[in-house]
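K.L.:
Quick one: the structure is below, questions incoming.
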Amino acid sequence: MSQIVLYWHPMSSATPIACALAELGVPHERAKVDITTGEQRRPDYLALNPNGKVPTMTVDGAPMFEALAIELWLGERYGVKKGLWPAAGTPAHLQAMSWCTWSYVTYGAQLVRLQAARDMGTPDDAHGAAGHKATDELLALLDARLAKQPWMLGDAYSLVDLCVGSVIGYSAYIGAPVQKHPHVLAWLQKVQARPAMQIDA
């Protein structure tokens, strides 16, 4: 078993990684990085993650960063055996890679607009309105998928639900119109109710 250390901060982009590790039952250590006091900019931490952000995860001392990369690695390394990630070479695996990337890249790009408008207190300005419209359109795509099946890959929960659900859940917090899409909302509530999703301390 690899020695895994998760460098994280509560209620941050590292939270989905902590939840994934809990869902998979992977033994690991946690090292809290206090991003409120600037610990993420210390030289020893920057040596692990040059971005100076959380999460970072080390595997037998070797670092990796970016939440999406870590989630995909966990799926490949531990999820297949646990039945929580599709095996390579299957159609489901192609969908898993596609939807996880969609959530962080395609959908995530629009969250920058919403977050900026929220931070500036101008959610109804041009940037906020454009972000709201774009997320609404993307949520409609997701809603159509979830109208046909209960989980992202079909009949069973997987780490894809955790990955995508973490991004969608955060987007609802900053103003994305998740509540307008009933299948997304019902699915998100199921994802967030899982015991592993309560891990953030």
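K.L.:
Which label belongs to the value computed from this structure, given these candidates for Rg and Dmax of the Cα atoms in Å: (1) 19.4, 69; (2) 17.1, 51; (3) 20.2, 72?
P.N.:
Given (1) 19.4, 69; (2) 17.1, 51; (3) 20.2, 72, the structure-derived one carries the label (2).
K.L.:
Give me the dipole magnitude in Debye, nearest 20, for region 66-158 about the Cα centre, with unit charges on the beta carbon: positive for Lys and Arg, negative for Asp and Glu.
P.N.:
Value, rounded to 20: 360 debye.
K.L.:
Taking the Cα centre as origin and putting +1 on Lys and Arg beta-carbons and -1 on Asp and Glu beta-carbons, what dipole magnitude results for region 10-74, to the nearest 20 debye?
P.N.:
On the way: 5 positive and 8 negative charges, 41 e Å.
For region 10-74, the charge dipole is close to 200 debye.
K.L.:
Treating only the Cβ of Lys, Arg, Asp and Glu as charged (+1, +1, -1, -1), what charge dipole size does region 37-107 show about its Cα centre? Round to the nearest 20 debye.
P.N.:
100
K.L.:
Okay, next question. Quantify, in whole percent, the carbon and sulfur part of the accessible surface of the chain (1.4 Å probe; protein heavy atoms only).
P.N.:
59
K.L.:
Subtracting the Cα-Cα distance from 0.36 nm times the residue separation, let me have the gained length for D155 to S98 in nm, one decimal.
P.N.:
18.7 nm
K.L.:
Where Lys and Arg each count +1 and Asp and Glu each count -1, what net charge lies around R42 among other residues with Cβ under 14 Å from its Cβ?
P.N.:
Spelling it out: positives minus negatives among the neighbours equals 0.
K.L.:
Moving to a separate point now. Of L72, A126, A88, which is farthest along the charge dipole of region 9-147 in the positive direction, counting Lys and Arg as +1 and Asp and Glu as -1 at C-beta?
P.N.:
A88
K.L.:
Here is a further query. Output the antiparallel fraction of DSSP beta bridges having both residues in the chain, as a percent to the nearest 5.
P.N.:
Numbers: 9 of 13 bridges.
Antiparallel: roughly 70 percent of the beta bridges in the chain.
K.L.:
Give a quick list of chymotrypsin sites (Phe, Trp or Tyr not before Pro) in region 1-74 that DSSP marks as loop, anything other than H, G, I, E or B, with at most 10 other Cβ atoms within 10 Å. Spell out each step's value before the answer.
P.N.:
Numbers: sites: Y7, W8, Y45, F65, W73; in loops: none.
Taking region 1-74 and a limit of 10 other Cβ atoms within 10 Å, no loop chymotrypsin sites (Phe, Trp or Tyr not before Pro) are found.
K.L.:
Over region 29-107, with the other protein chains present, what is the accessible area per residue in square angstrom, probe 1.4 angstrom?
P.N.:
Here the per-residue accessible area is 54 Å².
K.L.:
On to the next question. For K82, go through the lysines and keep the ones whose alpha-carbon is under 22 Å away, minus same-chain ones fewer than eight residues off.
P.N.:
K190
K.L.:
Given the options T36, G25, Q115, identify the residue whose Cα lies farthest towards the positive end of the charge dipole of region 20-122 (+1 on Cβ of Lys, Arg; -1 on Cβ of Asp, Glu).
P.N.:
Farthest towards the positive end: Q115.
The values are calculated or read from the model by the stated rules, or taken from the named source; none is laboratory data. From a predicted model like this one, the values you see are computed outputs, not experimental measurements. Using ideal geometry, Cβ is built from the backbone for each residue, glycine included, and neighbour counts are taken over all protein chains shown. Note: areas computed on protein heavy atoms with side chains; ligands, DNA, RNA excluded. Shrake-Rupley method; radii C 1.70, N 1.55, O 1.52, S 1.80 Å.
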